[in-house]
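Chemist: Got a structure for you, written out below as structure tokens; questions coming shortly.
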Amino acid sequence: MTGSSGLLRLFRILTLFESQSLNMVTQKNTSLLSYNSFHFDVNASELVSVKSVNELQELLHTKTPLLVLGGGSNILLTRNVEGLVVKIDILGIEEVKEDNTHIYVRVGAGENWHSFVEYTMKRNWGGLENLSLIPGNVGAAPIQNIGAYGVELKDSFYELEAYDRKEKKVYSFAVNDCRFAYRDSIFKSAEKGRYIILNVTFVLRKTPVLHTSYGAIREELKIMGVKSPTIQDISAAVIKIRRSKLPDPADIGNAGSFFKNPVVDQSKFLSLSSKYAEMPAYPHEDQSVKLAAGWLIEQCGWKGYRKGDAGVHKDQALVLVNYGKATGREILDLSEKINLSVTKKFGIHLDSEVNIF
Ligand SMILES: Cc1cc2nc3c(=O)[nH]c(=O)nc-3n(C[C@H](O)[C@H](O)[C@H](O)COP(=O)(O)OP(=O)(O)OC[C@H]3O[C@@H](n4cnc5c(N)ncnc54)[C@H](O)[C@@H]3O)c2cc1C
């Protein structure tokens, strides 16, 4: 974390702060229905959209937000928010530097993730193609080090700037400061809730390197009749696979994978695989093994389960869904029941990938 550049930036911000008249959009007693992909109809006493660092500074001067929101696609709202919700709508895409091989692009936290991926595809900058169509905004992407089809955000990450709510300063974080791991970072674990991400700088390849290790991508490229794929082909293949496999939150409320895939040590893996020979398993770091949470849940008979409007998707056991009027509490209760049965059958506790409020 580099405090000095943060302090310089803070000085710039404060100077600007005094000379600008700010115009934040504030809503009182408003429903968050259209601000979360589960479509829970919870109330926020106050919802403020901030479009610049100055606005955020001004707001935090007098108020303490209970919830910071991006696109709302990874959050389970189990109750009304009796206080302030800040929606981070800071926009802007800026090419900050380049060398012979790479281009460095700084992106405002409020930019839509997939729109930014499309922006990079148009310019033939490689790195983010496998992460196409992941919902949400750029500012939340480092929080759980978003990943899909063999690629993670950390692979194209250069740095980010975040406002420290404790020290009331802006700091820069390089890749090692973020402690990225599988669906995790310092922002989701050790320092959860402390920092508000303002912008993220990506380092993208001028000569792309393709990641086609996932069988589904290779199969889709074959169906598309592509023999020498480009990053645009990979992006198109990923979009097709995702559309065919994952429920669209516009049609049915969900937040993607509800649980993380559990990581177990060798001895646990060997004892389970001797009993369940067909159990999917993938090598992970330090000899550990990643299991498929969806498979474990399916084996416990939950796939397609529905009680009222809370359920488990009929094709994806890892995706919990709101068919209409389910509450966050009902989905949370369902997730706890699922977890208990997985623990009972396999001796494994599942961690939530979704952020619970
Ligand atoms: C259909 C579907 C498919 C998905 N597929 C994938 C996938 O393949 N891979 C994957 O990794 N994820 C996936 N997700 C999860 C989700 O898209 C990502 O986690 C995404 O990064 C969330 O972005 P968001 O802006 O919607 O975050 P939000 O839901 O708004 O927020 C998520 C968390 O980050 C915090 N937060 C948000 N913005 C900021 C900020 N600027 N500063 C500090 N904290 C902040 C919030 O308080 C909350 O705790 C999927 C979700 C859905 C609905």
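The values are calculated or read from the model by the stated rules, or taken from the named source; none is laboratory data. Predicted model only: the values in this text are computed from it and were never measured. Don't worry about glycine lacking a Cβ; one is built from the backbone with ideal geometry, like all the others, and counts go over all protein chains shown. Each accessible area value is taken on the protein alone, full model and side chains, heavy atoms only, with ligands, DNA and RNA left out. Shrake-Rupley method; radii C 1.70, N 1.55, O 1.52, S 1.80 Å.
Chemist: State, in angstrom, two size descriptors of segment 21-171 derived from its alpha carbons: Rg to one decimal place and Dmax to the nearest whole number.
Modeler: When restricted to the Cα atoms of segment 21-171, Rg and Dmax are 16.5, 52 Å.
Chemist: Length gain on complete extension for the stretch Met24 to Lys192, per 0.36 nm per residue less the alpha carbon to alpha carbon distance?
Modeler: Net length gain for the segment: 57.9 nm.
Chemist: Roughly how big is segment 58-129's charge dipole about its Cα centre, with Cβ charges of +1 (Lys, Arg) and -1 (Asp, Glu), in debye to the nearest 20?
Modeler: 240 debye
Chemist: Across every pair of different alpha-carbon atoms, what Kirkwood hydrodynamic radius in Å does segment 61-129 reach?
Modeler: 14.7 Å
Chemist: Using a Gaussian network model of the chain with C-alpha springs under 10 Å, which one of Val200, Val342, Val312 is most mobile by mean-square fluctuation?
Modeler: Val342
Chemist: Still on this structure: Among Val85, Pro65, Val319, flag the residue with its Cα farthest along the positive direction of the charge dipole of the chain, charges on Cβ as +1 for Lys/Arg and -1 for Asp/Glu.
Modeler: In the chain, that residue is Val319.
Chemist: I'd like to check one number: the per residue accessible area of the chain, probe 1.4 Å, reported in Å² as a whole number.
Modeler: Using a 1.4 Å probe on heavy atoms only, each residue of the chain averages 48 Å².
Chemist: What number of lysine-lysine pairs in segment 212-329 show an alpha-carbon separation below 21 angstrom, given a sequence spacing of 8 or more or placement on distinct chains?
Modeler: Here the count comes out as 19.
Chemist: Which percent of the accessible heavy-atom area of segment 304-357 goes to carbon and sulfur, probe 1.4 angstrom?
Modeler: 51 percent
Chemist: Using unit Cβ charges (K, R positive; D, E negative) and no other charged atoms, how large, in debye to the nearest 20, is the dipole of segment 164-320 about its Cα centre?
Modeler: Here segment 164-320 has a charge dipole of around 280 debye.
Chemist: Now, a different point. For a quick check of your reading of the filter: which GluC sites (Glu not before Pro) in segment 247-298 sit in a DSSP loop and have no more than 10 other Cβ atoms within 10 Å?
Modeler: Taking segment 247-298 and a limit of 10 other Cβ atoms within 10 Å, the loop GluC sites (Glu not before Pro) found are Glu278.
Chemist: Please compute, over every Cα-Cα pair in the chain, the percentage with a separation greater than 29 angstrom.
Modeler: 45 percent
Chemist: For segment 104-178, with all protein chains present and a 1.4 Å probe, just round the carbon and sulfur fraction of the accessible area to a whole percent.
Modeler: Within segment 104-178, the accessible surface is 44 percent carbon and sulfur.
Chemist: List nothing, just return the count: lysine pairs in segment 18-152, 8 or more apart or interchain, with Cα separation under 21 Å.
Modeler: 7
Chemist: What are the equivalent ellipsoid semi-axes of segment 235-355, built from the alpha-carbon gyration tensor (square roots of five times its eigenvalues), in whole angstrom, biggest first?
Modeler: Semi-axes (√(5λ), whole Å): 26, 18, 12.
Chemist: Among Leu128, Leu340, Leu91, which one moves the most in a GNM of the chain with springs linking Cα atoms closer than 10 Å?
Modeler: Residue with maximal mean-square fluctuation among Leu128, Leu340, Leu91: Leu340.
Chemist: Just Asn176, Asn36, Asn137 to compare: in a GNM of the chain, with alpha carbon springs under 10 Å, which one fluctuates most?
Modeler: Residue with maximal mean-square fluctuation among Asn176, Asn36, Asn137: Asn176.
Chemist: So the label point goes 7 Å from the Cα of Ser271 along Cα→C-beta, right? Which residues of segment 331-357 then have their backbone N under 14 Å from it?
Modeler: Answer for segment 331-357: 343-349.
Chemist: Now for a different question. What shape does segment 161-246 take by its C-alpha gyration tensor, where a ≥ b ≥ c are the square roots of the eigenvalues and a/c under 1.5 counts as rounded, a/b above b/c as prolate, and the rest as oblate?
Modeler: prolate
Chemist: Now, a different point. Tell me what the chain gives for mean residue ellipticity at 222 nm when only DSSP H runs of n ≥ 4 count, each as -39,500 (n - 2.57), the sum divided by the residue total, rounded to 500 deg cm²/dmol.
Modeler: -8500 deg cm²/dmol
Chemist: I need the semi-axes of the equivalent ellipsoid of segment 274-329: take the C-alpha gyration tensor, multiply each eigenvalue by 5, square-root it, list largest first in whole angstrom.
Modeler: After diagonalising the Cα gyration tensor, the semi-axes are 29, 13, 7 Å.
Chemist: Moving on. Where the accessible area of segment 235-284 is counted over protein heavy atoms with a 1.4 Å probe, how much of it, in %, is carbon and sulfur?
Modeler: 54 percent
Chemist: Now, a different point. Dipole of the chain, Cα-centred, from +1 at each Lys and Arg C-beta and -1 at each Asp and Glu C-beta, to the nearest 20 debye?
Modeler: 540 debye
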